[in-house]
Every structure is written in structure tokens, then in C-alpha cells.
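*Asks:* Pasting a structure here, questions to come.
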Amino acid sequence: MNFTKRLLMVSGAVALASILTIILTPKATHAVVSTLVQMTNTVANPGVTEDVSKASSSIVELTCVLQPPPGFFSDFCGKVDPNSGSTIGIFTVPANQRLVITSIDVIPFSTLAAGTLVVVLEQDDPVALTSVAREIFTLPGGTMTQFQYPVSGIVIGPGMQLSQHGSSVADFRIRGYLTSN
């Protein structure tokens, strides 16, 4: 009898403690979490937030088709319209944003003979009329090659344009996203 009485008292105490914890925990948890958030999300080092509904609007796909005669001039990259798939003008990185390139497909035209293909991805400044080679690719001819930069990406600054030139005729497909400065 004493054992049963003690067991019921311990069970009752545990149940009472559980009920009190459930009632009081949300306030205590909220206080601890808000203190942590205030400590790590300071004005000097703010947390980065982005509206999920706008995330897809920052995705960019570009195409650059190097036309004959190869190697004599650059062909600027245009933005691909996600609805029609057609190219809509030369793409310039918007002010206060950066383009982060995450993948590049180099697609040689079918007329390319076997051999080596050398193509250059350039960053162009339309104001200063300068260009800088960002990537130089030496590839086997006749096959598509994909380069992926999932961790670091290739970052292109605001106001810049992209172009390509090379030793043979090829199509660049560039994919990435825009991010704030």
C-alpha cells in the first residue's frame, strides 16, 4: 500500500511538473530565443533576409553565340526570356547588384571539326570601353562541356556586360542569379 501510495504521489508530481513546464515554457523559450537573435542579428552585422516570393526573380540565364569569323570579334551575351526562350537584348548587370555565375555550358556548333576549341568569357565595361578575360576554356571540339561553380561562383559587378570570343564558333549558356551588393 505504501509503495502504491508513493508511486501515485511521484506520478502526480511528475504530471504537475509537466503541466507547469508546458504552461511556462513558451514565455521562457521566447525570451531566450529573442535574446539570441538580438545578440547575433546586430545593426553592425545584420542577418541577410530575402522574400521567398522574389527569389526566382533573381535567376538569370544568358546566351552568347559566337558568330563567324571566329576569333575576330566578341559577341555580347543577351538575357534569355523565361517565357519565350528568345534572347532579349544585351544583358547589363543592374546597378547595386552583382551577377553570380553558377554554371556555363559551352556548345560548339555541329560544323566544328574534331580538335581543340579555345573560348574566352569576358567582362566588359560599356562606360570605360574595357574588357577583362574572366575565364579561358580549352575544350575538346565537337562536344558540349559544362562548368559548374556551385560554391564560389564567378561574380560580375554592377554595370558590367559579358561577351565571348574564341578560336571557333560556339554558343555559351550562362546561368546564375542576381544578388544585392
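*Asks:* Which of the chymotrypsin sites (Phe, Trp or Tyr not before Pro) found in the range 96-181 are loop residues per DSSP with 15 or fewer other Cβ atoms within 10 Å of their Cβ?
*Replies:* Hits after loop and neighbour filter: 109.
*Asks:* Turning to a different aspect of this structure: Amide H of residue 117 versus every other amide H placed in the peptide plane: which residues, excluding those fewer than 5 positions away on the same chain, fall under 5 Å?
*Replies:* The list, which skips near neighbours in sequence, is 139, 141.
*Asks:* Which residues' amide hydrogens lie under 5 Å from the amide hydrogen of residue 134, considering only partners 5 or more residues apart or on another chain, with H built in the peptide plane?
*Replies:* 121, 122, 123
We did not get these values from a lab; they are worked out from the coordinates using the rules stated. Remember, predicted model here, so these are calculated numbers, not experimental data. Every residue, glycine as well, gets a Cβ built from its backbone with ideal geometry; the counts of neighbours run over all protein chains shown.
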